[in-house]
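**Student:** Can you read through this structure? Questions will come right after.
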Amino acid sequence: MSPVNQTVQDAARFIDTTLQNEGTWYRSEEVESRLGGALSSYGASVGAVRGTIRDAGTKFKGLAHDDVTALASQLWGQPGPGRRAVYERRLAAVVLLQSRVALLRHSDLTRLEGFIRSAHTAELVDPLTADVVVPLLAALEGADRQRAGVVMARWSRDPDGWVRHAAALATGTPAPTT
């Protein structure tokens, strides 16, 4: 795998630093408590996350498909060795993907599936599905639509409850019980 390009690294650093600066300790405690400690939190508001992604888009113009998906993956991951993933970084990845969904391809469903499996909360799964997966699926045609249909069928039978939930939201069909 090739190293992430410098622009993506700079964008990730800008987003991370901005989100940390926007956070408050009391919001951080509330988010971590609400999520049951599954994710860490900087305590930045949803508005701050959206504004940060907007500002990053202005500062780092011309991000192509590979840049956007690499940046989303960097934000979704751990901010450093031995540290827990951060809710606001993951929400920033969702907002980034929402804003650039037209760049996504059927092959990105694999990455999105990984995000869904590790989201740990409907607060991330639901907007990721409704605002990224659904419009992605709607834009597909021909063989790409067929391939995505196979993926959605697999998701609907997956042992992971979050993946089944996402499939049900994306396809408008109830998730089968296991």
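**Student:** Of the numbered conditions (1) open to solvent by 30 Å² or more (accessible area, probe 1.4 Å); (2) under 23 Å from LEU35 (Cβ atoms); (3) polar (S, T, N, Q), SER99 fails exactly one; give the number of that condition.
**Tutor:** (2)
**Student:** Something else about it: If you check SER99, SER73, SER28, SER40, which single one turns out to be polar (S, T, N, Q), closer than 23 Å to ASP126 by Cα and without any contact (Cβ under 8 Å) to a residue 24 or more places away in the chain?
**Tutor:** The conditions single out SER28.
**Student:** Given the criteria open to solvent by 20 Å² or more (accessible area, probe 1.4 Å), of a type in the set (Val, Ile, Thr), assigned to a helix (DSSP H, G or I) and modelled with pLDDT under 95, does THR7 qualify?
**Tutor:** yes
**Student:** Kindly indicate which of ARG84, ARG89, ARG27 is surrounded by 13 or more Cβ atoms within 10 Å (Cβ to Cβ) and in contact with a helix residue (DSSP H, G or I) (Cβ under 7 Å, 6 or more places away or on another chain).
**Tutor:** One residue alone meets the criteria, ARG89.
**Student:** Of all residues in segment 34-61 being open to solvent by 30 Å² or more (accessible area, probe 1.4 Å) and under 14 Å from ASP10 (Cα atoms), which is modelled with the lowest pLDDT?
**Tutor:** LYS61
**Student:** Moving on. Given (1) closer than 30 Å to GLU32 by Cβ; (2) hydrophobic (A, V, I, L, M, F, W, C); (3) open to solvent by 20 Å² or more (accessible area, probe 1.4 Å), identify the lone condition not met by ALA139.
**Tutor:** (1)
The values are calculated or read from the model by the stated rules, or taken from the named source; none is laboratory data. Given the structure is predicted, the values throughout are model-derived calculations rather than measurements. Note that we place each Cβ from the backbone using ideal geometry, even for glycine, and neighbour counts take in every protein chain shown. Just so you know, the surface numbers come from the protein's heavy atoms only, side chains and all, with ligands and any DNA or RNA stripped out. Shrake-Rupley method; radii C 1.70, N 1.55, O 1.52, S 1.80 Å.
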